[in-house]
1. Determine the pairs where a residue that is surrounded by 24 or more Cβ atoms within 10 Å (Cβ to Cβ), located within the range 372-385, has a partner that is part of a loop (DSSP other than H, G, I, E, B) and charged (D, E, K, R) with Cβ atoms under 8 Å apart, the partner being 6 or more residues away or on another chain.
2. Can you tell which of 638, 699 is touching a helix residue (DSSP H, G or I) at 6+ places or on another chain (Cβ under 6 Å), surrounded by 24 or more Cβ atoms within 10 Å (Cβ to Cβ), without any contact (Cβ under 8 Å) to a residue 40 or more places away in the chain and of a type outside the set (Asp, Glu)?
3. Return the residues of the range 694-709 that are of a type outside the set (S, T, N, Q) and under 21 Å from residue 237 (Cα atoms); say none if nothing qualifies.
4. Only residues that are touching a strand residue (DSSP E or B) at 6+ places or on another chain (Cβ under 9 Å), at pLDDT 95 or above and buried (at least 24 other Cβ atoms within 10 Å of the Cβ): list them for the range 703-730, please.
5. Give 577, 567 a once-over and let me know the one that is more than 27 Å from the chain's Cα centre (by Cα) and either closer than 24 Å to residue 476 by Cβ or not basic (Lys, Arg) (or both).
6. I'd like to check something: does the range 318-333 contain any residue that is in a strand (DSSP E or B), hydrophobic (A, V, I, L, M, F, W, C) and crowded, with 18+ Cβ neighbours inside 10 Å?
7. Having 2 or more residues that are within 28 Å of residue 119 (Cβ to Cβ) is the bar; report the strands (runs of 3 or more DSSP E) wholly within the range 167-265 that clear it.
8. Here are some residues: 252, 245. Which one is basic (Lys, Arg), modelled with pLDDT of 95 or more and either out of contact with any Pro (no Cβ under 6 Å at 6 or more places or on another chain) or crowded, with 17+ Cβ neighbours inside 10 Å (or both)?
Amino acid sequence: MRRFKKVVAVALAATMATGLMAGCGSKTAATTSASTEAAEVATEEQETTEAATEEDTEEGLGVATGDKAVDIQFDSDTGNFLTYTNGGQEEISNVDGQLCVTIQKLGKLDYANQIYYDGFRLYEGCVYKYSFEVSCDVERTIEWRLQINGGDYHPYISGTDVIGPEKKTIEAEFTMNEASDPAPRLVFNMGKFDDIDEAAGEHNIYFDNILLEATDASNAQKIEAVPTPLEVKVNQIGYRPDSVKTVTVNSKEAESFDVVDAANGETVYSGKLGDVIFDSSASEMARIGDFTELKTPGTYKVVADDGEESYEFKIEDGVYDDIYKDIVLMLYKQRCGSDLDESIAGDFAHVACHTGEAVVYGTDTKVDVSGGWHDAGDYGRYVVPGAKTVADLILSYEDTDGAALDDLGIPESGNGVPDLLDEARYELEWMLKMQDASTGGVYHKVTCANFPETVNAVDETDQLILSPISNTATGDFAAVMAKASIIYGDTDKEFADRCLAAAEKAWEYLSAHQGDPGFKNPEDIVTGEYDDSSDIDEYLWAAVELYAATGDTQYKTVADEIITGSSPVGYDLGWASVGVYALYDYARCDDPSEEAKEKLISKADALESIINKSGVGVAIKDFPWGSNMNVADAGMLLLMANKLSPDEKYTTYAQYQLDYLLGRNAVSYCFVTGYGAVSPTQTHHRPSQVLEETMPGMLVGGPNSGLDESYSKAVLTGYAPARCYVDNSQAYSLNEVTIYWNSPLVYLMGSLK
């Protein structure tokens with residue numbers, strides 16, 4: 001290991017891996033690096049890019065020789081440093097004009113105590129000098145890093161140094177030979193190292209005069225700007241001949257449009273654009289055109305009368321067949337605990353992963369919980385989002401054209417059972433293992449203590465841990481198990497009976513623990529939390545599904561009390577608010593609830609005004625983390641309303657939601673990987689990152705005005721909410737994928753295909 005002593009200067013080049021710790025829904029993202037590699041000289045052939053001119057450097061590049069990317073003296077405060085602990089304990093303060101880090105508990109990891117600083121950029125080709133002053137009450141080792149803020153968190157430069165009471169100045173010079181990074185992180189790790197243990201007791205580490213200076217910017221490269229979306233926006237996959245077809249043109253001047261044959265340029269349809277709409281979520285003017293009358297199969301593009309063009313799209317029967325198959329197969333490729341068939345998964349095939357027993361948190365008890373789906377870009381398995389995914393698949397089986405398909409290409413295809421039910425059962429079998437046999441409660445999740453590095457599933461080998469039982473997991477479990485007992489009754493009565501018995505056992509636990517505090521991660525587990533402080537909607541959902549499965553009026557009584565009561569209920573289709581699942585099934589069971597039907601229809605009707613104020617017909621006005629799930633869920637809700645009270649407007653508006661996800665949106669992206677003219681290629685998805693190949697058929701999270709990680713903050717601050725998207729694997733709050741974002745799209749597309 002190379003050490004940087006009192007004064008060191010080395011020229012470094014590093015290879016860059018992209019990505020960030022998983023973070024979806026309310027999943028808490030760790031801000032740590034598990035890597036303790038010292039700085040090593042490394043080179044990688046890079047695509048040649050034009051060197052910046054002096055004019056570029058001074059006026060357009062963003063960096064010039066002599067610029068100070070970081071310059072902190074700690075005259076009176078802590079210099080915007082933040083803390084992260086993982087088993088350690090620390091406090092920061094300003095002492096005598098220095099940053100003082102008080103280490104109160106050492107922890108077991110080198111990064112058990114970490115401080116970090118964001119808000120600067122590193123430019124490819126630029127030479128930097130990094131320096132700081134440091135001292136400590138005791139002699140010990142620390143690690144310092146300038147690193148990528150995600151993925152494998154590898155350093156652009158790093159070092160370990162022994163420090164003590166005598167102040168040291170650490171200096172290092174390096175060349176940024178990786179792609180420019182608009183959101184790196186400056187880190188100091190002060191946890192457990194070989195030369196220190198808990199016997200050292202509480203001690204203080206002092207930092208001052210932290211400086212990162214560009215010493216030669218003559219070869220620096222520009223940071224790539226966020227792409228400018230097309231003015232003319234369409235569904236980039238296309239439309240069925242008999243479906244509604246709309247185009248958005250972001251222009252006040254354009255008044256008409258032509259649909260032209262992509263092969264010969266001939267105009268096949270002409271239309272007028274509607275009145276100008278100010279789309280506040282995108283902060284732009286929009287006009288909408290309709291070409292539903294065009295039904296002739298072919299490949300086309302839309303050309304506005306100002307000369308702007310759309311991407312190409314198709315009109316044909318079966319236009320969604322291929323993408324639908326890949327959206328479902330994404331779930332197969334997320335399977336855990338079994339071999340993935342290379343003939344199906346291709347490069348994403350692997351032998352069975354995570355087959356070891358999991359330890360019940362806080363005990364020595366070990367349990368087999370193999371199976372299920374990897375939730376997202378990491379390899380955790382979580383009951384709450386898994387239940388939503390299963391519910392969406394089962395509803396897709398009940399309601400959509402995908403119901404009878406037994407040829408989607410999963411290993412069970414051709415067995416006489418619809419593939420949607422086969423895939424849902426894979427998760428259900430795992431969920432049954434997550435139930436505590438003695439109490440009926442359901443463990444919230446199984447993960448390792450930390451998110452994995454950017455590795456394949458088989459290479460995450462840390463101890464699996466079952467996090468404590470939660471009411472939300474137990475309620476969701478009871479609901480989907482009760483529903484499964486009905487659905488699988490005709491194909492496998494034994495399995496259906498197991499599901500019902502498990503649901504009833506879970507209900508017993510839930511009834512005895514209603515109102516218990518919502519799940520929170522134990523302090524030494526930092527994987528996705530999926531916290532939810534209210535369990536009333538899960539309680540309602542479980543009651544409705546158990547009533548539908550058993551006819552027992554005790555469940556009906558509970559459901560009626562909640563629906564007619566005054567307590568707030570989360571009536572949505574997300575992982576945290578599941579009330580619409582209850583309303584839908586209660587409105588169509590053998591003894592249907594008119595109240596449930598009215599609530600669902602009212603919620604669907606409320607979307608109409610939002611849709612009509614949008615320049616792209618989307619049913620959301622806010623763009624939070626996972627906004628694309630909200631769009632797909634809105635499409636589901638509209639189609640559910642159409643099932644309960646048929647009206648053409650519901651299917652029209654549902655088509656708008658599909659169009660949005662497939663390209664008719666403010667950033668002109670088809671948000672499903674591998675499809676459309678422009679789709680994400682840099683997803684926050686470990687298998688894709690490791691293989692440097694994007695798995696097809698994944699719906700990314702989409703625009704997020706919260707800018708919940710440093711990369712999106714660095715490149716998207718100031719953008720309108722609907723424009724807050726960038727295709728980069730570091731931007732996990734925008735570009736991660738999850739099973740429960742794909743599943744409502746299965747329902748939406750299956751209904752419209």
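1. That search, which allows pairs on different chains as well, returns 376/27; 379/460; 381/375; 382/375; 384/532; 385/375.
2. Numbers: 699 fails: without any contact (Cβ under 8 Å) to a residue 40 or more places away in the chain.
Going through 638, 699 in turn, just one is touching a helix residue (DSSP H, G or I) at 6+ places or on another chain (Cβ under 6 Å), surrounded by 24 or more Cβ atoms within 10 Å (Cβ to Cβ), without any contact (Cβ under 8 Å) to a residue 40 or more places away in the chain and of a type outside the set (Asp, Glu): 638.
3. 695, 696, 697, 698, 699, 700, 701, 702, 703
4. 722, 725
5. Values: 577 fails: more than 27 Å from the chain's Cα centre (by Cα).
None of the others qualify; the one that does is 567.
6. no
7. Values: elements: 168-175, 185-189, 203-216, 246-249, 256-261.
Result: 168-175, 185-189, 203-216.
8. On the way: 252 fails: modelled with pLDDT of 95 or more.
When all the criteria are applied, what remains is 245.
The values are calculated or read from the model by the stated rules, or taken from the named source; none is laboratory data. Source: prediction; values computed, not measured. Every residue, glycine as well, gets a Cβ built from its backbone with ideal geometry; the counts of neighbours run over all protein chains shown.
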